[in-house]
Each structure stands twice: as C-alpha cells, then as structure tokens.
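Novice: Encoded as structure tokens, here's the structure I'll be asking about.
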Amino acid sequence: MMPSASSKTTASAVQPKPLRVGYLALTDAAPFVAAEHLGLFARHRLNVELRREIGWATIREKIAYGELDAAQAPAPMLWSIQLGLGCSSCDVLTALVLSLHGNALTLSTALWNAGVRDGVSLRSHIRAHHTRQPLTLGGAFRFSSHHLLMLEWLRAAGLEPDRDVRIVVVPPAQMFRNLAAGTIDGYYAGEPWNTLAVREGAGWCPTWSSAQSPGHLEKILLVTRRFAETRASEHAALISALLEACAWCDEPQNREPLAQLLSEPRYLNLSTRVIAPALLGRFACGHDRVERVPDFHVFHHGDINVPIATKATALQRDLGAAGLLSPSAANDPELPHRLFREDIYREVVRELAVP
C-alpha cells in the first residue's frame, strides 16, 4: 500500500532540515567534531551536515550566498563580509566565540640554516640576500588573526610587509606542501600545520599566538543575520550544542581522545602524533625545543565563549591600525554591537539552561 500524501508530509515534518555547517581541517575545528561525536547535535534535535571546506574564502562565499548555514570562521572575517571588503556585502553576526589562540609562525629550515633565529636576524638576512626577490610568506586569510599577528611580528622586527616581504594567501591545508616545495619561505597558520612542518624537518617556529598576543580572539560561529532571525530556534540549539562541545574540549582528560577524533580521515586525516602535542600543551618549535604552553588552545574556560562587544571593539581597532579598515569603519561605535551579539548568547544560556 502506497503511503498517503499526508503521511509523507508528516514524515518530512519530523525530519529537521539539515543544517549545513562548514569548517576547515584545523585543530580548532574541535568543537564541531566533538559535538558530532558526542551526539550533542542530535541531543538538541539538530540534523547537522558537517562540510569540510578548502579555505576561508570558500567559507566566506558560501555563507554569503546561502550554501552554508553556519561555519567556523576567523573573527575578523565578520568585518570583511559585513562591509563587503573583497567580497559581496552581507549582514552577518556571531553569538558564540569558539576559541582563543591556536596559531604559530613557521619559517623554513633553509632560513634556519642561513642563520635566521628571530625577527632581527630575519631582517639582517633579508637586507643581505633579498634585495631583488623578497621572501614569500603564506597567510591563510587577509581578515584573520593570523594576518594581524604576522604583520605585527614583521613590523616589530623592522620589516615592512609588501616591501621587504611578500604575503600570499594559501589555504591552511596547503601550507606545509608549499613550504616543503620551496614555493613559500614560511607561514602563519593554525595547528596542526606548524607541528607537521617541524616533525617533517621542513620548518621551525620562532613564535606562537598565545605568546605574541595572549587572549586574542580566534574562531567564531559565523551566521548571516537572516539565518539568525528566520531560523532562530535552530541557531539557539546550534549555539547550545557547540557551547557544550567547547566545554568538553577544554577538559584536560579529553584532549588525547580529541586528538584521536580529529585524526580521522573525514576530519584532519593526520596522525595523532601531529595533532596531540599542541592540544596537550607541549608545543614543539623545532631543533629540540619543546615549549610548555598550556593555553595554546583555549575552547571554553574564563568565559571566552561570550561574544562581548568590547572584544569586538578592540579587534576593530586592531584591524583599523593594520590598514584593513577605513577610518570611518574603524571608528564606527555601533558596528561591534551589530557583529557580536551577546544578547543572543545570553538568551540561549537562559532559555536552554546551558551551564
């Protein structure tokens, strides 16, 4: 007997519309992976379809054009999309900060062999050897903490980007291969791509983001304003599930199992030996130097998940100082409140009783 039209309608109503959620193959995609593995999406009655994307520009475009409903994103991407800088303008927001820190600067082994040990020696090397062809460094995305931190590190060493060093955009998962092939001389990227370069002998790390800028915002949950308004209950459930996942990811006893989860082919597809060290707070910088960095990845503690407008204001000021925003945008007092929606976060916590 064929099912009636009404029974088909009822069945489709029971099955929630899939939420298409994008992420990149990075260690700090951990909350999405944990939420799926622990059944937190299902517990909050969500049908989430995780999609591993190639790069941040892909995520930006797919969010703007509705091919993704939500995504992991660098916090500065909000300004890029909202203001239409390098892309079509679209109203976006975040109601959840996913992580702090998690990045490092990797330079090639060839530079180490040439005597480079820090920013000052890099400047001396460039002055002596790269008067015609500048060094090339990879950046994951122009509107990202990686880019801001790389600019800061170079300028502190007396180097001027675009004059002394050429910066090119390279998707994170392609950083190591380009470094090993010699097409770039270094990169500022998220884990595990720094540890991979160190383990393979292709690079070393003179600095990392938690040492360079303690407490800096890293990834946020990116959605359009339209999604937040028209699918508010799903947005709230997604925030709730990811908030629980962030708390789980920050428990020390969960870091090793988390590294194993991330290593699976559908996520990062790398050995746990590459993923685990930074998660466990033992960051290998290269040349037998291992630093104890317990806050290399921060997912939850210290109320970091709250999207407070003061954090957005400070980030907007940094973007303006780096020359990435016009003076009018950098000084817009309303923009941080439009992009960072603490009110939505507080409502989720109150209504869903999330600890």
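Novice: Can you pull out every residue in segment 210-223 that is buried (at least 22 other Cβ atoms within 10 Å of the Cβ) and either under 19 Å from TRP56 (Cα atoms) or among the hydrophobic types (A, V, I, L, M, F, W, C) (or both)?
Specialist: Going through segment 210-223, the residues buried (at least 22 other Cβ atoms within 10 Å of the Cβ) turn out to be 210, 217-223.
Correct list: LEU217, GLU218, LYS219, ILE220, LEU221, LEU222, VAL223.
Novice: Another question, then. Those residues that are small (Gly, Ala, Ser) and without any contact (Cβ under 8 Å) to a residue 24 or more places away in the chain, I need them from segment 13-67; list them, please. I'd like the intermediate steps shown before the answer.
Specialist: First, pick out the residues of segment 13-67 that are small (Gly, Ala, Ser): 13, 22, 25, 29-30, 34-35, 39, 42, 55, 57, 64, 66.
ALA13, GLY39, ALA42 - these are the residues of segment 13-67 that are small (Gly, Ala, Ser) and without any contact (Cβ under 8 Å) to a residue 24 or more places away in the chain.
Novice: Having 2 or more residues that are farther than 13 Å from LEU105 by Cβ and open to solvent by 10 Å² or more (accessible area, probe 1.4 Å) is the bar; report the strands (runs of 3 or more DSSP E) wholly within segment 132-203 that clear it. If you could, list the steps in order and put the result at the bottom.
Specialist: Working: elements: 135-139, 165-169, 186-190.
The strands (runs of 3 or more DSSP E) meeting that bar are 165-169.
Novice: Out of HIS297, HIS301, HIS337, report the one residue that is closer than 22 Å to ILE239 by Cα, within 20 Å of the chain's Cα centre (by Cα) and open to solvent by 40 Å² or more (accessible area, probe 1.4 Å). First the steps, then the outcome.
Specialist: Working: HIS297 fails: open to solvent by 40 Å² or more (accessible area, probe 1.4 Å); HIS337 fails: within 20 Å of the chain's Cα centre (by Cα).
After applying the criteria, what remains is HIS301.
Novice: Here's another thing I want to ask about it. For segment 238-246, indicate whether the set of residues that are under 14 Å from PRO192 (Cα atoms), touching a helix residue (DSSP H, G or I) at 6+ places or on another chain (Cβ under 6 Å) and buried (at least 23 other Cβ atoms within 10 Å of the Cβ) is non-empty.
Specialist: Start the filter on segment 238-246 by keeping residues that are under 14 Å from PRO192 (Cα atoms), which leaves none.
For segment 238-246, residues under 14 Å from PRO192 (Cα atoms), touching a helix residue (DSSP H, G or I) at 6+ places or on another chain (Cβ under 6 Å) and buried (at least 23 other Cβ atoms within 10 Å of the Cβ): absent.
Novice: Can you tell me how many residues within segment 104-131 are open to solvent by 40 Å² or more (accessible area, probe 1.4 Å) and touching a Leu at 6+ places or on another chain (Cβ under 6 Å)?
Specialist: Number satisfying all stated conditions: 1.
Novice: Could you say whether any residue in segment 316-325 is polar (S, T, N, Q), open to solvent by 80 Å² or more (accessible area, probe 1.4 Å) and touching a helix residue (DSSP H, G or I) at 6+ places or on another chain (Cβ under 8 Å)? Reasoning before the result, please.
Specialist: So in segment 316-325, the residues polar (S, T, N, Q) come out as 316.
Cutting the leftovers down to open to solvent by 80 Å² or more (accessible area, probe 1.4 Å) gives us none.
No, that holds for no residue.
Novice: Something else about it: Would you be able to tell me the number of residues in segment 340-355 that are modelled with pLDDT under 95, part of a loop (DSSP other than H, G, I, E, B) and open to solvent by less than 60 Å² (accessible area, probe 1.4 Å)?
Specialist: Qualifying residue count, segment 340-355: 1.
Novice: For segment 17-56, which positions are open to solvent by 30 Å² or more (accessible area, probe 1.4 Å), farther than 20 Å from PHE227 by Cβ and in contact with a Pro (Cβ under 8 Å, 6 or more places away or on another chain)?
Specialist: Once the filter is applied, which keeps residues that are open to solvent by 30 Å² or more (accessible area, probe 1.4 Å), farther than 20 Å from PHE227 by Cβ and in contact with a Pro (Cβ under 8 Å, 6 or more places away or on another chain), segment 17-56 yields only ILE54.
Novice: Can we say THR195 is out of contact with any helix residue (DSSP H, G or I) (no Cβ under 6 Å at 6 or more places or on another chain), touching a residue at least 12 places away in the same chain (Cβ under 8 Å) and hydroxyl-bearing (Ser, Thr, Tyr)? Lay out the reasoning, then the answer.
Specialist: Values: out of contact with any helix residue (DSSP H, G or I) (no Cβ under 6 Å at 6 or more places or on another chain): no; touching a residue at least 12 places away in the same chain (Cβ under 8 Å): yes; hydroxyl-bearing (Ser, Thr, Tyr): yes.
In short, no.
Novice: Also: Is one or more of the residues making up segment 62-69 under 12 Å from the mean Cα position of the chain (by Cα), more than 24 Å from VAL306 (Cβ to Cβ) and not charged (D, E, K, R)?
Specialist: First, pick out the residues of segment 62-69 that are under 12 Å from the mean Cα position of the chain (by Cα): none.
No, because not a single residue in segment 62-69 is under 12 Å from the mean Cα position of the chain (by Cα), more than 24 Å from VAL306 (Cβ to Cβ) and not charged (D, E, K, R).
The values are calculated or read from the model by the stated rules, or taken from the named source; none is laboratory data. Note that the coordinates shown come from a computational prediction; the quantities given were computed from them, not determined experimentally. Cβ: placed from backbone, ideal geometry, glycine included. Neighbour counts: every protein chain shown. What goes into the accessible areas is simple: the full protein's heavy atoms, side chains included, and nothing from ligands, DNA or RNA. Shrake-Rupley method; radii C 1.70, N 1.55, O 1.52, S 1.80 Å.
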